[in-house]
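Engineer: Structure below; questions to follow.
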Amino acid sequence: MSSRVHVNKPLSSRMIIELLDDNPDLEVIECPQSLYERTSETYIDALRELGITIKVLNHRGRPKKYDNQLINKINDMINSGIKPKTIAKRLHISQKTVYYLKNKKLKQGPPSKYSDEIKQEIVKLKSCGIPVKSISDKLNIPIRTIYYILERERELLLSKQSKGV
């Protein structure tokens with residue numbers, strides 16, 4: 001029951017009756033411009049006589065389900081160290097929604113198994129022309145991991161260069 005409803009289908013006599021039955025205190029019906037243009041003047045006049053306003057929305061798409069207040073609350077909770085799963089339970093929303101609405105990038109997964117020093121040593125050895133297999137044997141790190149670390153370090157370097165750091 002609401003005093004304001006959003007419709008996304010053309011208003012018909014049946015739809016108006018259903019809206020009034022479901023929302024006895026209805027004051028405003030929101031609809032896109034395209035639907036308003038297809039609505040009969042008779043229905044618009046009848047709604048006006050009942051004291052119901054039709055508000056034409058100029059923006060496209062469905063209205064936002066979550067407001068800025070909820071988004072700020074989620075981000076405050078994340079900043080205070082509360083995990084997304086706990087936030088979802090407290091706010092009675094899905095964990096996926098928490099991740100969707102957050103502004104700050106959350107750390108995902110466990111921390112890297114290898115220190116920054118080891119990663120830099122891998123990059124240094126590779127830049128000296130040492131084959132990946134030899135680096136793997138020397139540091140006792142799987143070849144696949146060596147390739148992964150080299151790719152990640154290359155991406156970080158490119159990212160820093162594009163930002164002018």
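Only the coordinates and a few stated rules stand behind these numbers; no lab work does. Predicted, not measured: the structure shown is a model, and the values here were computed from it. Neighbour counts are summed over all protein chains in view; Cβ atoms, including those assigned to glycine, are modelled from backbone coordinates with ideal geometry.
Engineer: Suppose only helical runs count, i.e. DSSP H with n ≥ 4. What mean residue ellipticity at 222 nm does that imply for the chain under -39500 (n - 2.57) per run, divided by all residues and rounded to the nearest 500 deg cm²/dmol?
Structural biologist: Numbers: 9 runs with 92 residues, N = 165.
The per-residue figure over the chain is -16500 deg cm²/dmol.
Engineer: Please give the helix 68-79 orientation as an angle from the longest Cα principal axis of the chain, in degrees from 0 to 90, rounded to the nearest 10.
Structural biologist: 20 degrees
Engineer: Let me ask something else. At a 10 Å Cβ-Cβ cut-off, how would you order Glu41, Glu151, fewest neighbours first? Intermediate results must be reported in sequence, preceding the final value.
Structural biologist: Details: Glu41 7, Glu151 10.
Ascending number of Cβ neighbours within 10 Å: Glu41, Glu151.
Engineer: Where is the GNM fluctuation largest for the chain (alpha-carbon springs, 10 angstrom cutoff): Val98, Val56, Val132?
Structural biologist: Val132
Engineer: Let me ask something else. Cut-off 10 angstrom, C-alpha nodes, Gaussian network model of the chain. Which of Lys55, Lys124, Lys65 fluctuates the most?
Structural biologist: Most flexible of the set in this elastic network: Lys124.
Engineer: Taking amide H positions as placed 1.01 Å from N in the peptide plane, with prolines and chain starts having none, which residues 5 or more places from His6, or on another chain, fall under 5 Å of its amide H?
Structural biologist: Glu30
Engineer: If you take the beta carbon distance between Val5 and Lys96 as r and set R0 to 22 Å, what does 1/(1 + (r/R0)^6) give as a FRET efficiency, to the nearest 0.05? Intermediate values should be presented prior to the final figure.
Structural biologist: Working: r = 27 Å, r/R0 = 1.21.
After rounding to 0.05, the efficiency reads 0.25.
Engineer: If you don't mind, there's one more thing I want to ask. Mind checking which of Gly129, Ile44, Ala88 is farthest towards the positive end of the chain's charge dipole, using Cβ charges of +1 (Lys, Arg) and -1 (Asp, Glu) about the Cα centre?
Structural biologist: Farthest towards the positive end: Gly129.
Engineer: With the contact rule set at Cα under 8 Å and sequence spacing of 6 or more, what percent relative contact order holds for the chain? The partial results should precede the final answer.
Structural biologist: Numbers: 117 pairs, mean separation 21.3, N = 165.
It comes to 13 percent, rounded to a whole number.
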